[in-house]
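Each value in this text was obtained by applying a stated rule to the coordinates, not by laboratory testing. What you are looking at is a predicted structure, and each value in this text was computed from that prediction instead of being measured. Note that each Cβ is placed from the backbone with ideal geometry, even for glycine, and that neighbours are counted across all protein chains shown.
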Amino acid sequence: MRHPLRRVAPTVLAVGTALALTACGATVGSGEPASSDSGAGVPELHNALPQQVKDSGVLKFAGDSHPPYRTVGTDGTTVTGIDKDFQDALGKLLGVRTETQIVTNLSAALQGMLSGRYDAFNGPVKATAEREQQFDTITWMTTRTSYVVPSNSTAGIKTVDDLCGKRVALVKASIVEDQLAKLSQYCTGKGKPAATALPLDDTNGTLLATQAGRADAAGMTQAAAIDVTSQQKGSYSYVTQTEAQGATADDLALLVPKSSGMGQVMLKAFQQLFDNGEYRRIMQQWGLTDVMVAAPLLDVATSK
């Protein structure tokens, strides 16, 4: 059986075309977006969907390039990854087809949902009290933050402590931004300089920044770091932030606008994936059993 994280090949060069297509903030994939077919689904879940979704038979997801969650093909529309697998599974339960519309970054996904352009976004995005003012969040995994370093780097990064005073590329408004701020507090508390954040649009951009020497490391989720180092053997190594260095295990969630009323139906759909074993199967397939949760959680940031 092949290693689950080798199912896709998210090299920086392979996604160059997709990055170019989205560089100006336009949404691509609107012609023939990545999609999944579904049957009648579970009547209780299908009937609870918003009328416009039932009428169209399509649930539209926003998605930026973020391997291994979403790897965008060179055509700028084809999507593979964990997110695609979960969307396919959700679509079958909901009795609708799912489509992924490619966006440039998290802000575009959030604003697009609020404007009605997209119905959902499967992250990985941290469930926060601020976001839960406008969105219902369904937590389905946790993560820790890792930092990817090119093998030919001369920055001397062997441990997370070595990131103090270094430049770290990260996806703007991501969980890594908050984790790096905590790492900087740890650094200054030990009398060392803080790390400097270089916010960019997506994970591939952060890797390009390290290759070009604009950043010393690229911050991302541990799952993404494992994928990068597995797919590009010998090109990168990574270190993972610990609790002593300010790290927390963050709740990663699917987001839907509160105004859509889909929070409960998506929670119930995810619960069925847990109950029927599909959740575990997908997570095992991608080698992510260490970040699984026992059950999906609705609005975890404000319900604690």
Which one, 154, 198, 226, is farthest towards the positive end of the dipole of the range 145-245 when Lys and Arg carry +1 and Asp and Glu -1 on their Cβ? 154
If R0 is 22 Å, what FRET efficiency do you get for residue 244 and residue 196 from their C-beta distance, rounded to 0.05? 0.55
Here, residue 302 and residue 115, labelled 7 Å along Cα→Cβ, have an inter-label distance in nm of 2.4 nm
Looking at the chain only, what percent of DSSP beta bridges run antiparallel? Nearest 5 please. 65 percent
Spin-label pair residue 75/residue 172, simplified geometry with 7 Å Cα→Cβ offset, distance in nm: 3.1 nm
Net charge contributed by nearby residues that have their C-beta within less than 10 Å of residue 42 (K/R +1, D/E -1): +1
Less than 22 Å apart at the alpha-carbon level, and either on another chain or at least 8 residues along: which lysines does that give for residue 60? 84, 92, 126, 258, 268
Run lengths n ≥ 4 of DSSP H only: what is the helix-derived mean residue ellipticity at 222 nm for the chain, with -39500 (n - 2.57) per run over all residues, to the nearest 500? -9500 deg cm²/dmol
Looking at the range 166-240, which trypsin sites (Lys or Arg not before Pro) are in a loop (DSSP not H, G, I, E or B) and have at most 12 other Cβ atoms within 10 Å? 190, 233
Paramagnetic label zone (point 7 Å from Cα along Cα-to-C-beta, residue 52; backbone N under 14 Å) in the range 111-140: 112-120
Magnitude of the Cβ-charge dipole (Lys and Arg +1, Asp and Glu -1) of the chain about the Cα centre, nearest 20 debye, reported as 600 debye
Label-point separation (nm) for residue 153 and residue 212, each offset 7 Å from Cα along Cα-to-Cβ? 1.8 nm
Tell me the net charge near residue 202. Cut-off is 11 Å between Cβ atoms, residue 202 excluded, with +1 for each Lys or Arg and -1 for each Asp or Glu. 0
Cα lying deepest toward the dipole's positive end in the chain, options 297, 212, 129, charges on Cβ: 212
